[in-house]
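Visitor: Sharing a structure, written as structure tokens. Questions coming.
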């Protein structure tokens, strides 16, 4: 193979790789990866129209925890073990089932669209306080004893899933 042919082939491969990289970037930035389900071979083998199925898988990302807060009068800071936020999503699906004009001439399919929904979570955290007070000037600068305090910061899950059910023309 000539060197000019090799250079041309290398340029084409580099261009295709760059195009694929650019095309993949918005998907990962969106937080969900599309997952198509190929049923074309089954349609050909069975000789009938099958539903179109596609899905979305979320990409979870960990956030930065909010650090401990120092409060006057306490020896240990609040949120001794901070809560870790994790952002992700619920998986999505898109299903289109062909209908043989059951509902009239304008309705050829029934569809269910459940897009990937955002999900925000916080792991449980812990807040402790020592069994001693801050230095007390009335006791020559020595701390006094008190009951220890322990608090559990509750976990949180927040999401708003949606779905769309409809019928329409075409598949």
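Visitor: Go through the range 127-161 and count every residue that is in contact (Cβ under 8 Å) with a residue 24 or more places away in the chain, surrounded by 10 or more Cβ atoms within 10 Å (Cβ to Cβ) and not in a strand (DSSP E or B).
Guide: Total meeting the criteria: 6.
Visitor: Does the range 80-87 contain at least one residue that is assigned by TED's automatic domain parsing to the domain that holds residue 36, under 30 Å from residue 39 (Cβ atoms) and part of a strand (DSSP E or B)? Talk me through it step by step, then tell me what you get.
Guide: Of all residues in the range 80-87, those assigned by TED's automatic domain parsing to the domain that holds residue 36 come to 80-87.
Filter once more, keeping what is under 30 Å from residue 39 (Cβ atoms): none.
Among the residues of the range 80-87, not one is assigned by TED's automatic domain parsing to the domain that holds residue 36, under 30 Å from residue 39 (Cβ atoms) and part of a strand (DSSP E or B), which makes the answer no.
Visitor: Inspect the range 87-94 for any residue being modelled with pLDDT of 75 or more and closer than 30 Å to residue 128 by Cα and give the result as yes or no. Step through it out loud before you land on a result.
Guide: Step one: list which residues in the range 87-94 are modelled with pLDDT of 75 or more, which gives 87-94.
Next cut, closer than 30 Å to residue 128 by Cα only: 87-88.
Among the residues of the range 87-94, at least one is modelled with pLDDT of 75 or more and closer than 30 Å to residue 128 by Cα, which makes the answer yes.
Visitor: Ok, one more. Would you point out which residue out of 76, 90 is farther than 24 Å from residue 35 by Cα and assigned by TED's automatic domain parsing to the domain that holds residue 35?
Guide: On the way: 90 fails: farther than 24 Å from residue 35 by Cα.
Only one candidate passes the filter, namely 76.
Visitor: Any residue in the range 35-63 that's in a loop (DSSP other than H, G, I, E, B): show its pairings with residues that are modelled with pLDDT of 80 or more and surrounded by fewer than 11 Cβ atoms within 10 Å (Cβ to Cβ) at Cβ separation under 8 Å, as long as the two are six or more apart or on different chains.
Guide: none
The values are calculated or read from the model by the stated rules, or taken from the named source; none is laboratory data. Values in this document were obtained by computation on a predicted structure and should not be read as measured data. Every residue, glycine among them, receives a Cβ derived from its backbone with ideal geometry; neighbour counts consider all protein chains shown.
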